[in-house]
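Input: a single structure, listed below in structure tokens.
Derivation of every value follows stated rules applied to the coordinates shown; laboratory data play no part. From a predicted model like this one, the values you see are computed outputs, not experimental measurements. Using ideal geometry, Cβ is built from the backbone for each residue, glycine included, and neighbour counts are taken over all protein chains shown.
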Amino acid sequence: MTTYIGTATSRVDGRDKVTGAARYAGEYGAPDLAHGSVVNSTIAKGRIRRIDAGEAMKVDGVITVLTHENRPPMADNDEAYKDDVAPGDGSPYRPLYDGSIKFNGQPVALVLAEDLETATYAASLVKVEYEEQPHITDFEKQLGKAKALPAPAKPRGDAAKAFAVSDIRHDAEYYVPVEHHNPMELFASTAVWRDGKLTVYDKTQGVQNVQRYLCGVFQARPDEIRVMSPFMGGGFGSGLRPQYQVVLAVLGARALKRSVRLVLTRQQMYMVGYRPAMVQRIQLGAKTDGALNAITHNATTITSQYEDFHRNETTWSGLLYKSETASYAHKLVRLDLPAACDMRAPSAATGVYALEAAMDELAVALQMDPLELRLKCYSDSDQHTGLPFSSKSLRECYSQAAEAFGWSRRNPEPRSMREGNDLIGWGMATGIWEALQVPITVRITLTANGHAEVACATSDIGTGTYTIMAQAAADMLGVPIDNVTVKLGDSTLPPSPVEGGSWIAASVSNGIVTTSNAIRDELLRLAETMPNSPLMGIKTADVTLSDGSVTVKKTPRSTVPIADIMRHAGVDRIAQEKATKFGKDGKHAHNTHSAIFAEVKVDEQLGVIRVTRLVSAVAAGRILNLKTARSQVMGGMIWGIGMALHEETLIDHRFGRIMNANIAEYHVPVNADVHSVEVIFVDEQDDIVNPMGIKGLGEIGIVGVPAAIANAVYHATGKRVRDLPITLDKLTRDA
Amino acid sequence: MARSHTAPAAALFPGLISIELTVNGAKVKLDIAPWTTLLDALRDRMGLMGTKKGCDHGQCGACTVLVDGRRVNSCLTLAVMKDGAEVITVEGLATDGVLHPVQQAFIDHDAFQCGYCTPGQICSAIGLIAEGKAKTPDDIRELMSGNICRCAAYPNIVAAIQQAMDAS
Ligand code: FES
Ligand code: FES
């Protein structure tokens with residue numbers, strides 16, 4: 001039954017991607033296409049006094065310049081702007097809504113022209129006068145004014161008291177800067193206007209989320225706006241919420257009654273959501289044998305003035321390790337910046353960084369091997385709820401990754417390992433994420449000639465959704481994978497939530513099982529009426545679909561070709577659309593885990609750091625596709641290199657403006673930064689989490705990696721840098 | 001409706017310039033403004049969307065194409081500078097439906113996820129192999145570092161290029 005699931009199947013959309021046939025949002029055309037270019041504010045806070053578009057309008061080829069003063073109508077209430085992923089608290093930003101300026105780089109005008117160069121040039125001629133107000137973008141200066149949020153989780157015992165009497169104590173602060181997703185595809189939307197209706201090609205992780213949002217913002221009927229995103233050039237969380245360019249593209253199309261394409265510049269992509277900067281304070285108290293008796297994890301993260309975005313960085317600490325006491329607190333600092341948003345493994349990439357760096361420091365204080373400390377504090381149940389895990393193979397992750405890495409050969413002494421000018425450091429960390437699943441609907445159409453179409457409004461943001469959907473359908477329906485067509489990224493398809501949180505693989509695969517079972521039931525029902533059918537009276541659970549036939553499991557010779565059944569019933573296809581919901585499992589915690597080992601080489605004189613080896617062993621239930629899964633985890637691990645060593649958005653607080661808003665000065669890992677990266681999938685059978693035992697992989701790859709690298713840097717140099725990214729200036733600076 | 005190719009500011013506009021390119025084997029005549037990049041000429045004028053724009057500033061490599069056999073960032077190249085040149089884009093690599101060995105190697109090694117950097121990576125890899133300078137995986141890593149892949153398929157990209165290099 002599983003010819004494809006679990007194999008290293010090449011991507012079914014691979015050919016489209018290597019030949020340039022895959023079309024992304026900004027690549028759709030229309031005969032009446034106009035091009036947009038956005039004018040951004042140059043102040044961080046205040047009001048627009050006057051916009052003078054006179055010069056811009058004089059340029060040959062400019063059609064119009066839209067501002068808050070002359071735009072078509074938009075909704076006037078917060079509810080209309082709340083997309084599925086919007087934070088509960090606050091008022092979502094409304095692009096081009098009024099004259100108030102909430103952050104530097106906010107869109108203030110949209111120039112529409114006959115071609116891109118004209119639009120871009122004319123945008124440079126739009127003059128904006130502001131009434132400026134003092135702004136605040138400096139996180140550090142506002143720390144004292146942070147607003148406390150309700151406790152992220154119920155504390156356990158009295159952590160402060162327990163900490164005070166612990167044998168060994170560690171107490172430190174860890175800093176993570178603002179980071180930007182920087183998917184390679186620019187944010188883009190093409191709104192194709194036809195007879196008053198719009199088809200919007202958008203760079204998004206959720207077509208139906210964008211569709212609902214646009215209908216709200218423009219008070220349109222659902223059938224007036226269709227949103228498509230068959231390919232997406234990377235999301236990483238940046239496409240979970242509708243970005244402003246989709247609003248402006250639709251605004252332009254409605255104003256002109258023609259099609260509009262709007263592609264943001266790389267620079268403009270820094271003036272949207274980001275991973276929030278944060279300070280985390282961790283206190284760990286332990287007995288001399290390493291057993292933890294107190295964990296305190298407090299985080300202060302940034303957000304905008306208008307929306308309170310935050311995730312729970314702190315509660316991973318209490319979940320992961322056994323400790324009698326634990327307490328958590330979270331504060332928010334409001335700044336004159338756009339709202340922060342989800343970015344790969346939100347809360348865990350950051351929270352587990354602080355925890356795992358702190359655990360390394362505790363191990364040093366205990367003079368204990370860091371891996372041994374993790375094993376000492378290993379927990380077989382969710383420490384918040386006391387519930388056992390549906391599966392947890394973290395021990396196997398530790399042992400397999402340690403073995404592959406050669407951890408037993410580590411000399412624990414910092415600065416003890418070297419090679420020429422390089423100090424060598426080995427570090428390790430744990431990773432954890434949630435195994436989430438969401439309600440989803442899948443439609444399958446099986447034709448008599450053995451072709452299947454699988455349809456769901458989910459997205460493939462590079463994760464491989466097309467491929468795993470084809471694999472699951474091929475196996476469940478018993479057809480070759482080449483006979484499966486996958487349709488996704490279209491808001492008119494059966495409902496799916498946004499793609500994020502690592503939940504789509506599990507959700508859509510189980511959704512395909514549900515609908516395939518319905519197809520099988522329908523085939524059996526039709527077969528019932530066939531004369532002398534060997535399927536007469538057979539229950540649905542007792543048959544499989546394979547090789548284009550319905551076959552009784554126990555007596556494989558009792559088999560009827562699907563084509564015969566359809567012919568007999570006088571149909572040429574069977575279509576089923578079924579919703580799959582995942583019941584609440586009140587008895588188990590659902591998590592994925594990983595163990596990461598890192599080797600760094602640090603040039604002793606220059607402080608240059610290279611990550612020469614990374615090994616991660618991941619336990620995430622059943623792996624659907626070994627090829628795409630490995631790529632996904634590897635990608636996450638390399639993101640971990642970026643987070644540890646490279647990535648930081650820098651703000652000039654005098655202007656409240658980002659200084660390195662480009663992909664040369666905002667450093668992301670390039671090929672030369674990446675050396676040996678090894679991914680191990682630990683066997684983990686999970687019959688509880690969902691029928692297929694899938695737990696998801698999108699986030700787990702990055703979690704723990706920054707700490708493993710930071711810990712390796714400490715081991716190499718004897719210097720602990722707690723502020724990410726660990727750059728050579730921090731390493732060579734005297735303490 | 002007629003597309004206006006008139007220039008932004010009439011006073012500044014030196015007029016359209018006629019050029020001829022060979023793009024993926026076919027001759028293309030263009031009357032083009034001098035500030036139009038080769039990238040925008042390919043995408044917006046010729047409808048060849050396979051070549052990607054990731055930064056428009058020469059920082060990411062997504063726009064890499066082969067001009068007279070050499071890899072160039074088409075966003076940093078004005079179309080008028082390449083009058084008479086032979087341009088090959090990702091759309092021009094397969095012959096009669098058979099993928100170029102580098103394209104095939106990218107599929108075999110899963111050298112991409114979202115695919116957005118991929119046309120640039122593939123053109124860059126073909127240029128790299130033609131240069132003949134890369135001998136080791138470290139050379140490949142170094143000489144492919146102008147092509148950013150945010151999905152971070154780097155180890156697979158190196159493996160794919162090695163496969164194609166070994167085969168050639
Ligand atoms: S688009 Fe040309 S280098 Fe980025
Ligand atoms: S495959 Fe997504 S950026 Fe390279």
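All Cα-Cα distances of the stretch B:101-167, cut into 5 Å bins from zero to the largest, leave 4, 20, 36, 28, 11, 2 percent in each bin in turn. Between A:Ser381 and A:Arg557, residue separation times 0.36 nm minus the direct Cα-Cα distance comes to 58.7 nm.
Calculate, in nm to one decimal, what A:Arg567 and A:Met530 gain on full extension: separation in residues at 0.36 nm each, minus their alpha carbon distance. All intermediate terms of the calculation are to be shown ahead of the outcome.
Numbers: separation 37, 0.36 × 37 = 13.32 nm, distance 1.03 nm.
Taking 0.36 nm per residue and subtracting the Cα distance, the gain is 12.3 nm.
In this structure, the amide hydrogen of A:Gly239, modeled 1.01 Å from its nitrogen in the peptide plane, lies closer than 5 angstrom to those of A:Gln205, counting only residues at least 5 positions away or on a different chain.
Per residue of B:48-59, other chain Cβ atoms within 10 Å of the residue Cβ number 6 on average. Exposure proxy shown here: for A:Leu251, A:Leu362, the number of other Cβ atoms within 10 Å sets the order, fewest to most, as A:Leu362, A:Leu251.
Please report, in debye to the nearest 20, how large the charge dipole of the stretch B:101-167 is about its Cα centre when each Lys and Arg carries +1 at its beta carbon and each Asp and Glu carries -1 there.
On the way: 4 positive and 7 negative charges, 30 e Å.
Dipole magnitude for the stretch B:101-167 comes out near 140 debye.
First measure r as the distance between the Cβ atoms of A:Asp521 and A:Ala8, then evaluate 1/(1 + (r/R0)^6) with R0 = 25 Å and state the FRET efficiency to the nearest 0.05.
Numbers: r = 32 Å, r/R0 = 1.28.
Efficiency, from the Cβ-Cβ distance: 0.20.
Annotation: the residues A:Trp407, A:Trp193, sorted from fewest to most other C-beta atoms within 10 Å of their own C-beta, follow the order A:Trp407, A:Trp193. Counting only residues at least eight positions apart within a chain, or on another chain, the aspartates and glutamates with an alpha carbon under 13 Å from that of A:Lys695 are A:Glu434, A:Asp683, A:Glu684, A:Asp686, A:Asp687. Candidate cross-link partners of A:Lys331 among the lysines, defined by an alpha-carbon separation under 28 Å and a same-chain spacing of 8 or more, comprise A:Lys45, A:Lys82, A:Lys102, A:Lys141, A:Lys145, A:Lys147, A:Lys154, A:Lys161, A:Lys322, A:Lys730.
Taking every pair of alpha-carbon atoms in the stretch A:58-121, give the share separated by more than 19 Å as a whole percent. Mind dumping the intermediate values first?
Numbers: 952 of 2016 pairs.
Value for the stretch A:58-121 (Cα pairs over 19 Å): 47 percent.
So how strong a dipole does chain A carry about its Cα centre when Lys and Arg Cβ are +1 and Asp and Glu Cβ are -1, to the nearest 20 debye?
On the way: 77 positive and 85 negative charges, 155 e Å.
Dipole of chain A, to the nearest 20 debye: 740 debye.
Here the Karplus curve 6.51 cos²θ - 1.76 cosθ + 1.60, taken at θ = phi - 60°, turns the phi angles of the stretch A:111-120 into couplings of 8, 10, 9, 6, 9, 5, 4, 5, 4, 5 Hz, with x standing for Gly and Pro.
Translational diffusion coefficient, Stokes-Einstein: compute it for the stretch A:438-580 using the Kirkwood radius over C-alpha pairs as Rh, at 20 °C and 1.002 mPa s, and state it as an integer in µm² s⁻¹. Don't jump to the answer; show the numbers that get you there.
Numbers: Rh = 15.3 Å.
Translational diffusion coefficient: 140 µm²/s.
Phi angles of the stretch A:274-287 translate, via the Karplus equation with coefficients 6.51, -1.76, 1.60 and θ = phi - 60°, into HN-Hα couplings of 7, 6, x, 5, 7, 10, 10, 10, 10, 10, 10, x, 9, 7 Hz per residue; Gly and Pro are given as x.
Counting only C-alpha contacts under 8 Å and six or more residues apart, can you give the relative contact order of chain A as a whole percent? Each step should come with its number before you reach the end.
Numbers: 1892 pairs, mean separation 124.6, N = 735.
Once divided by the residue count of chain A, the mean separation gives 17 percent.
Here the simple spin-label model places points 7 Å from the Cα toward Cβ, and for A:Glu224 and A:Asp652 these points are separated by 4.3 nm. In this structure, A:Arg409 and A:Arg610 have a Cβ-Cβ separation that, at R0 = 22 Å, corresponds to a calculated FRET efficiency of about 0.65.
Computed from label points 7 Å out along Cα-Cβ, the spacing between A:Asn421 and A:Asp32 is 6.4 nm.
Size estimate for the stretch A:298-417 follows the Kirkwood approach: the inverse of mean 1/r over distinct Cα pairs works out to 16.7 Å. Only alpha carbons enter this Debye calculation for the stretch A:644-735, each as an equal point scatterer, and the log10 of I(q)/I(0) it gives at q = 0.11, 0.17 Å⁻¹ is -0.53, -0.95. Using alpha carbon centroids, what distance separates the stretch A:93-155 and the stretch A:193-240, in Å? With the stretch A:93-155 and the stretch A:193-240 each reduced to a Cα centre, they are spaced 23 Å.
Could you tell me whether the stretch B:15-92 comes out rounded, prolate or oblate from its Cα gyration tensor? Rule is a ≥ b ≥ c as square roots of the eigenvalues, rounded for a/c under 1.5, then prolate if a/b exceeds b/c, otherwise oblate. Mind showing how you got there, number by number?
Details: a/c = 1.60, a/b = 1.21, b/c = 1.32.
Oblate.
Within the stretch A:242-262, whose backbone N sits under 19 Å from a point 7 Å along Cα→Cβ of A:Asn70? Output list for this probe position: A:248-261.
Near A:Gly718, the amide H atoms lying under 5 Å from its own belong to A:Arg415; only residues 5 or more places off or on other chains count, and H is placed 1.01 Å from N. Look at the stretch A:632-644: the mean tally of other chain Cβ atoms within 10 Å of its residues' Cβ atoms is 3.
Using the Cβ-Cβ distance between A:Asp171 and B:Lys133 with R0 = 41 Å, the FRET efficiency computed as 1/(1 + (r/R0)^6) comes to roughly 0.20. The helix-based estimate of mean residue ellipticity at 222 nm for the protein assembly as shown, built from -39,500 (n - 2.57) per DSSP H run of four or more residues and divided by its residue count, is -7500 deg cm²/dmol to the nearest 500.
Backbone amide hydrogens, once placed in the peptide plane, bring A:Phe187 within less than 5 Å of A:Leu264, excluding anything fewer than 5 places away on its chain. Shown in residue order for the stretch A:688-697 are the 3J(HN,Hα) couplings computed by the Karplus curve 6.51 cos²θ - 1.76 cosθ + 1.60 at θ = phi - 60°: 9, 4, 6, x, 8, x, 9, 10, x, 9 Hz (x for Gly and Pro). Averaging the Cα positions of each part gives two centres, and for the stretch A:496-549 and the stretch A:674-735 these lie 40 Å apart. Given +1 at the Cβ of Lys and Arg, -1 at the Cβ of Asp and Glu and no other charges, the dipole of the stretch B:15-92 around its Cα centre is 160 debye to the nearest 20. The aspartates and glutamates within cross-link reach of B:Lys133, meaning a Cα-to-Cα straight distance under 15 Å and a gap of 8 or more places when in the same chain, are B:Glu142, B:Asp166. Among rounded, prolate and oblate, which fits the stretch A:1-91 when a ≥ b ≥ c are the square roots of the eigenvalues of its C-alpha gyration tensor, a/c under 1.5 means rounded, and a/b larger than b/c means prolate? It is oblate, given that a/c is not under 1.5 and a/b is not larger than b/c.
Comparing B:Gly54, B:Gly132, B:Gly92 in a Gaussian network model of chain B where C-alpha atoms under 10 Å apart are linked, the largest mean-square fluctuation is found at B:Gly132. Taking Cα atoms only, the orientation of helix B:154-167 departs from the longest principal axis of chain B by about 80 degrees.
Projected onto the charge dipole of the protein assembly as shown (+1 at Lys/Arg Cβ, -1 at Asp/Glu Cβ, origin at the Cα centre), which of B:Ala41, A:Ile638, A:Gly6 gives the Cα projection farthest towards the positive end? Going by the Cα projections, it comes out as A:Gly6. The residue list A:Thr514, A:Gly478, A:Leu526 was ranked by how far each Cα lies along the charge dipole of the stretch A:469-526 toward its positive end, using unit charges on Cβ atoms, and A:Leu526 comes out on top. The stretch between A:Asp78 and A:Arg47, if pulled fully straight at 0.36 nm per residue, gains 9.2 nm over its current Cα-Cα span.
For the protein assembly as shown, the residue among B:Cys149, A:Ala708, A:Gly29 whose Cα projects farthest onto the positive side of the dipole built from Cβ charges is A:Gly29. With neighbours defined as other Cβ atoms within 10 Å of a residue's Cβ, the residues A:Thr492, A:Thr649 order from fewest to most as A:Thr492, A:Thr649. In the frame of its principal axes, the protein assembly as shown has Cα extents of 84, 80, 61 Å, reported largest first.
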